[in-house]
Amino acid sequence: MADLLVSGIIYGSIIALGAIGLTLIASILNFFNFAYGDLFSLGAFITFLFLDLLGDWGAFPGLSFGGGLVVATLLSVLIMLAIILLIDRFFFKPLREFDATPLFMSLASLGLAFILRAIINIVWGPEIRYYSTAIQISKKLPFGIRVKPDELFIVICTLALVTLVYLILKKTRMGKAMRAMSDNPVLAKASGVETVRVIMWTWIIAGTLITVAGTLYGIQVQLRPTMGWHFLIPLFVAVIMGGIGSFWGALIGGMVIGISEEMITAVLQNAFHSMQIDADMSGYKPAVAFVLVVLILLIKPHGIFGKKEH
């Protein structure tokens, strides 16, 4: 059970990274970006592209990767930010200028998701890819917990990024402007907030988070063109559960979803085995997320940390 908890924390930390970016987009740009999952995939594959170009730099002690992956991730973030800002400039900005409704913006982003997935399939094909095929040996920790060094790296990297984003939102002038626009866009504009810069920085923060999240997920599993589309479900559930626009809600929602999916499906799997029922519960993890969000919304309709609209 302790191992399942650790697996849930690792998975949940990746969900939380993406959910923070998604909730910023939802609250500041006022629409749910269905292309976010495929941006997750694209970031992971661009990291793979740069890693392939840079070659093998050797691995850090205990890890399955080395400096090559770190540099590839940084380059991937830069390329992804350029792509995302261009998409906003030529795709989402014209829609905003035409006063497109949030529903129309969301549907437009769904179409963009199909385009991005098609591009990934054309460039990299449907084959499974790996950052590394090295086999890692788990390290023993107290209470019978076993953790791979890569998993520890994922958690540490997530904590560092979450802390950085929190400080940006809480301590910087731009962060305060973003929070003001999230709370009341009309009042923020009237107060002199530069909405164009706020939108740009929203995309920069969200784009960085989703690219790193995709890369961290790629360290854990194999790369598939459809992985971001499947990952979109826990991202949305984490945002809705935590409350749209809430930093802490996205963080806690992501962790709750990650831990619950791992532990509940494992408990159900063991229960079925004890009853000699042959069933694979791993495919039902998204169902766990949906059940949880329904239960939370029955108790708190605006999410755990969501603000009630007046």
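The values are calculated or read from the model by the stated rules, or taken from the named source; none is laboratory data. Predicted model, so just to flag it, every value in this text is computed and none were measured. Here the Cβ positions follow ideal geometry from the backbone for every residue, glycine too, while neighbour counts run over all protein chains shown.
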Given (1) modelled with pLDDT of 90 or more; (2) surrounded by 12 or more Cβ atoms within 10 Å (Cβ to Cβ), number of the condition LEU141 does not satisfy: (1)
Matching residues in region 230-264 - criterion: being in contact with a Phe, Trp or Tyr (Cβ under 6 Å, 6 or more places away or on another chain) and surrounded by fewer than 21 Cβ atoms within 10 Å (Cβ to Cβ): TRP248
Residue within region 158-174 that is part of a helix (DSSP H, G or I), under 25 Å from ILE128 (Cβ atoms) and touching a residue at least 60 places away in the same chain (Cβ under 8 Å) present: yes
Unique residue being out of contact with any Phe, Trp or Tyr (no Cβ under 6 Å at 6 or more places or on another chain), surrounded by fewer than 21 Cβ atoms within 10 Å (Cβ to Cβ) and assigned to a loop (DSSP other than H, G, I, E, B) when the list is ASP99, ASP3: ASP99
Checklist (1) at pLDDT 90 or above; (2) assigned to a helix (DSSP H, G or I); (3) over 17 Å from ASN33 (Cβ atoms); (4) over 15 Å from the mean Cα position of the chain (by Cα) applied to MET200, failing item: (3)
So ARG117, is it in a helix (DSSP H, G or I), among the charged types (D, E, K, R) and more than 21 Å from ILE210 (Cα to Cα): no
Long-range neighbours under 8 Å by Cβ, at least six apart or interchain, first residue assigned to a helix (DSSP H, G or I) within region 45-73, second modelled with pLDDT of 90 or more and of a type in the set (D, E, K, R): PHE45/ARG129; PHE48/ARG129
Total residues in region 88-102, condition touching a residue at least 12 places away in the same chain (Cβ under 8 Å) and farther than 17 Å from THR202 by Cβ: 0
Set LEU69, LEU51, LEU42, LEU86: member being surrounded by fewer than 23 Cβ atoms within 10 Å (Cβ to Cβ) and of a type outside the set (Lys, Arg): LEU86
Answer from ALA177, ALA213 - the residue that is more than 26 Å from GLY37 (Cβ to Cβ) and touching a helix residue (DSSP H, G or I) at 6+ places or on another chain (Cβ under 8 Å): ALA177
